[in-house]
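Here, each number is a calculation from the coordinates, and none is a lab measurement. As the structure is a computational prediction, the values presented were derived from the model and not from experiment. Note: ideal-geometry Cβ built from the backbone for every residue, glycine included; neighbour counts use all protein chains shown.
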Amino acid sequence: MSEVKLSRIEAVFADLEYPVTTDQAAAELEDTTLLLADGERNLGALIERSGSDRFESAADLKSELHNVLPREAVGEPYQSEGEG
């Protein structure tokens with residue numbers, strides 16, 4: 001089980017081989033906990049909620065992840081996560 005902050009998610013997504021299906025990405029990341037402003041979520045479960053069938057790149061996957069996150073998960077609007 002690993003944990004990753006949302007601000008560091010690119011490094012996790014960079015380890016996947018693209019293109020990758022939603023099912024493959026979810027399976028690869030099912031043991032990863034995503035640390036958010038309002039708690040934590042299972043990264044694999046979040047990816048499963050995606051409306052996409054596959055992702056062409058890490059940028060595609062990150063964009064889709066932001067679409068399935070609840071608004072409060074990323075903190076206050078205009079608030080920076082910082083480099084912590």
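Candidates in segment 38-58 are the residues that are touching a residue at least 24 places away in the same chain (Cβ under 8 Å), in contact with a Leu (Cβ under 8 Å, 6 or more places away or on another chain) and of a type outside the set (Lys, Arg); of these, the one that is surrounded by the fewest Cβ atoms within 10 Å (Cβ to Cβ) is Glu40.
Checking each residue in segment 29-51 for being among the acidic types (Asp, Glu) and either in contact with a Phe, Trp or Tyr (Cβ under 8 Å, 6 or more places away or on another chain) or within 15 Å of Glu64 (Cβ to Cβ) (or both) picks out only Glu48.
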